[in-house]
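One structure below.
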Amino acid sequence: MNEISILLIEDHDLTRMGLRAALQSNSALKVIGEAANATQGLKLLETTKPDVAVVDIGLPDMDGIELTRKFKRQQMENGQSNTKILILTMNHTEDAVLAAFAAGADSYYMKETSINKLTEAIQATYAGNSWIDPAIANVVLRKMRLGIPGESTAADKPKTVKIEALATEYEQVLETYPLTQRELEILELIVAGCSNGQIAEKLYITVGTVKTHVRNILNKLCADDRTQAAVRALRSGLVG
């Protein structure tokens, strides 16, 4: 397995040093650069082109959400989309989380979580999956269905969000094995945060049947778990 190159953008020196030491202890990860502010971070993102940038949300000159928005815009303009953004923060308010994803963040990680979880989050992000803290995943997904704040809109214009389409390989799978009407119903309930038991009760089917449908949904969306499936469903427009 190739090393995952990482850029740390964090203004607190001790936190940044601790993160670097912890991540470097994993042979699969390599920290290739550090920045203490957004201005320096944007320059390093352009020059080092890391696989994953770990970005603190509370930077002194520009917050991590604005940095993410600017960098993602640059990626689109330059036709480059390899670097993933993992937001690092202690702020788990709905507005902050949703604004980060609206800006184009790929993952959202809470600082108080263990370093092992951060490694897991980085690896998942590098693989193209959105990593959301399980404690806030259901809230986030429910709110995403209603629209994500973060872009200024006119008072008479509804808020809209550009949702990235599924990667080509997922689209090909869905073309070959499209979701059935029942699977779409269950996927919508997964996004709403329902358990298998709740889904069974709402649709008047057995829990065993629900599990079979969930397994088929995960396979068709190339997802490892329900959260991944829900994020991909939202981004692709399968669930509105």
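Numbers at a glance
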item: Sulfur and carbon atoms: percent of accessible area, the range 1-139 [1.4 Å]; result: 49
item: Asp13 accessible area, assembled protein chains, probe 1.4 Å, Å²; result: 90
item: The range 31-96: proportion of alpha-carbon pairs further apart than 17 angstrom, %; result: 36
item: Heavy atoms of Tyr126: accessible area, 1.4 Å probe, square angstrom to 10; result: 90
item: Options Val55, Leu14, Ser27, ranked by Cα towards positive dipole end of the range 12-75, top entry (Cβ charges); result: Ser27
item: The range 16-61: translational diffusion in µm²/s, Stokes-Einstein, Kirkwood Rh over Cα pairs, 37 °C, 0.692 mPa s; result: 288
item: Student exercise, the range 1-108 dipole from Lys, Arg, Asp, Glu Cβ charges, in Debye to nearest 20; result: 340
item: Computed accessible area, Glu188, all protein chains, 1.4 angstrom probe, square angstrom; result: 90
item: Modelled FRET efficiency - R0 45 Å, Met62 with Ser27, Cβ distances, 0.05 increments; result: 0.85
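The values are calculated or read from the model by the stated rules, or taken from the named source; none is laboratory data. Model, not experiment: these values are computed from the prediction. Every residue, glycine among them, receives a Cβ derived from its backbone with ideal geometry; neighbour counts consider all protein chains shown. Only protein heavy atoms, including side chains, enter the accessible area calculation; ligands, DNA and RNA are left aside. Shrake-Rupley method; radii C 1.70, N 1.55, O 1.52, S 1.80 Å.
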